[in-house]
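Structure first, then comments.
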Amino acid sequence: MFTGLIEEVGRVRRIVRVSAGLQRLEVEAEKVTDGLALGDSVNINGACQTAVQVAAGRFAVESVAETLKRTTLGSLRVGDRVNLERALRASDRLGGHMVLGHVDGVGHVRRLEETPGQWTLGVEPPADLQRYVATKGSIAIDGISLTVAQVLADEVFTVAIIPHTFKHTHVSTIAVGDPVNLEVDVVARYVERLLSSGPSAARKGLGLDDLKRLGYS
C-alpha cells in the first residue's frame, strides 16, 4: 500500500521489450533505492511494480501485458520523468490517502492553468470511472494523492496543485493531451460492490439507510 505522497521524481534510464507481453524498465533514482531490496514494491506513476534489480542509484521492474494495457508504463520513453514512492511501512504516518497502486484506467489532461498560488489540473477520466469521481473525494493521478475540487458538466474533473506538489512531482512536465494513470478511491469501489450485490446481500450488508446513519447523504 502507498499514500500518494511522492518521494522522488526518477528518470527512465532504459526500456527493453523482452517480449510482446513483457517490458523491463530501468529507472534512475537516489532516494527510493535507499533500503529498496529485490522483491520490494515501488509505485511508478501510480502503478505498483516489483523491483527485480536494485543497484546504486537505479532499479529495474518488469511489467506484464495487463499492466502495459491498463497503464501508461508501456508508452514511457527513455528520459521521461516518473513519480516514485516506496511501499508504506507499518511505522509510517498515513498522509495522503490509501493508494493501492492498482491503476483503474488512463485519463487525459484537458487543462493545466496557473493561478495565484496554485495550478488547476483538469482531467477527463474514462467513461467507466466517471461515477467514482466526486467533489472533495480522493483520487490518485500518476500516483499523486489529490482531492477533487470540482466535477464539470463535460465530466472533466479538476484538482488544485500546490507549489510544493508542482515542484516535487512530474506535474511540471505534463501537457494538455497527455495520458495519466488514475486510481479512484477504493472505498467507492467497495461501497458500489456492497450496494449492487442484490437484495439478499444488501439486507445482510451495507444499505442506503446504513450509509445515512454513518453520516453520508
Which aspartates and glutamates, if any, have their Cα less than 20 Å from the Cα of Lys136, not counting same-chain residues under 8 positions apart? Asp104, Glu113, Glu124, Asp128, Asp154, Glu155, Glu183, Asp185, Glu192
For the stretch 8-86, average projected area of the Cα convex hull in nm²: 4.3
Please report Rg (one decimal) and Dmax (integer) in Å for the Cα set of the chain. 18.2, 56
Under 5 Å, built H, 5+ apart or other chain: amide partners of Asp40: Ala51
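Give me the percent of Cα-Cα pairs in the stretch 105-185 that sit more than 19 Å apart, rounded to a whole number.
Tail of the P(r) past 19 Å holds 25 percent of the pairs.
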When only C-alpha pairs under 8 Å and at least 6 residues apart count, what is the relative contact order of the chain, in percent? 22
On a 0 to 90 degree scale, rounded to 10, what angle separates helix 186-195 from the longest Cα axis of the chain? 40
Please work out the Cα center distance from the stretch 1-28 to the stretch 66-119, rounded to the nearest Å. 12
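Read the figures in this text as sums done on the coordinates, not as results from a lab. Please read these numbers as outputs of a predicted model, since none were measured by experiment.
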